[in-house]
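Peer 1: One structure, pasted below without further comment.
Please treat every number below as a calculation from the coordinates, not as lab data. Source: prediction; values computed, not measured. All Cβ positions, glycine included, derive from the backbone under ideal geometry; neighbour counts span all protein chains shown.
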Amino acid sequence: DIDQLGQNKSRLILLNKADLADERQNEAWKEYFQKRGFHVVKVDSRNGSGMKTIQNVIQEACKEKIERDRRRGIKNRPIRAMVAGIPNVGKSTFINTFAGKACAKTGNRPGVTKGKQWIRLNKNVELLDTPGILWPKFEDQQVGIRLACVGSIKDDILNMEELALWLIEHLRTNYSGLLEKRYGISEEGTAVEILGKIARARGCLKKGEELDYVKASGLLFDDFRGGKIGRVTLEWAEQEKSE
Ligand code: G4P
């Protein structure tokens, strides 16, 4: 859908929350999209890194349009841009930071961005904030799982324990040592056993000392999404290349 909407328009891919992802994979994804002709910028919308680069890249991406305007004697017409992305990728936070003032609501829940709004940023750029876009069904179940892990699908419709087991498996396979470091546990055993160790380490207990796996799963995801476990990427750019 975005390909169709964006036909004949300049497109800029912002790899937001770059601070939460594995830097090697950030670079791999950057290269992946650049090879396909996109302008790409790594961004951390919370601390503002990448913002200056974006200004320059926008000018670069819209060079032809600006030049056409200039030939027609139109000066300083603002570039109109739209921000599109699935829930919780940081669209509102990005817009606030880029604009330098609080002008879009943010919140760590899918669907907070509502309605449409043009935001006059400076004399060069106007931004349209749009609701997140989420495709209705996933052909590949793995895609759904990864989106759920990063909080783009509402937690209350998910089985958080099952998801936690998937994340534990991913972490200990690809980022061994991170769980051990965060929770002071060994990464030996099944994923269920590891979730149990996290529950015990963090005092997630039900009445009668029974381990509370649901609570431990919630805690694991809060830590993961907040970057407290470490910089982690869920999908490799290389996988896509072979398709
Ligand atoms: P959305 O409009 O795409 O749905 O996302 P939104 O801006 O609401 O951001 C969702 C969460 O992601 C927010 O956390 C926000 O602070 C965080 N976030 C956005 N950009 C970045 C980034 O570049 N790096 C990191 N580490 N986090 C980012 P929250 O916990 O809901 O809010 P808050 O407690 O931070 O205010």
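Peer 1: Can you give the local net charge around residue 193? Use residues other than it whose beta-carbon is closer than 14 angstrom to its beta-carbon, Lys and Arg +1, Asp and Glu -1.
Peer 2: For residues surrounding residue 193, the net value is -2.
Peer 1: Considering only DSSP beta bridges where both residues belong to the chain, give the percentage that are antiparallel (nearest 5).
Peer 2: Roughly 40 percent of the beta bridges in the chain run antiparallel, per DSSP.
Peer 1: Right, next: Take the residue pairs 17/65; 17/228; 181/206; 197/228; 17/42; 91/181 and return only those whose Cα atoms are more than 20 Å apart. Can you show the working numbers first?
Peer 2: Numbers: 17/65 30 Å; 17/228 13 Å; 181/206 25 Å; 197/228 18 Å; 17/42 8 Å; 91/181 31 Å.
Violating the 20 Å Cα-Cα cut-off are 17/65; 181/206; 91/181.
Peer 1: Here's a follow-up. Whose amide H sits under 5 Å from the amide H of residue 40, counting only residues 5 or more places off or on another chain, with H placed in the peptide plane?
Peer 2: Amide H neighbours of residue 40: 13.
Peer 1: May I ask for the net charge around residue 173, where only other residues with Cβ less than 15 Å from the Cβ of residue 173 are counted and Lys, Arg are +1 while Asp, Glu are -1?
Peer 2: Result for the neighbourhood of residue 173: -4.
Peer 1: Quick one: net charge of residue 206's neighbours, Cβ under 10 Å, K/R +1, D/E -1?
Peer 2: -1
Peer 1: Turning to a different aspect of this structure: Just check the range 197-242 against the gyration tensor rule for me: Cα atoms, a ≥ b ≥ c as the square roots of the eigenvalues, rounded for a/c under 1.5, and otherwise prolate or oblate depending on whether a/b exceeds b/c.
Peer 2: Numbers: a/c = 4.37, a/b = 2.86, b/c = 1.53.
It is prolate, given that a/c is not under 1.5 and a/b is the larger ratio.
Peer 1: Arrange the peptides 138-147, 20-29 so that the one whose residues have, on average, the most other Cβ atoms within 10 Å appears first.
Peer 2: By packing density, highest mean first, the sequence is 20-29, 138-147.
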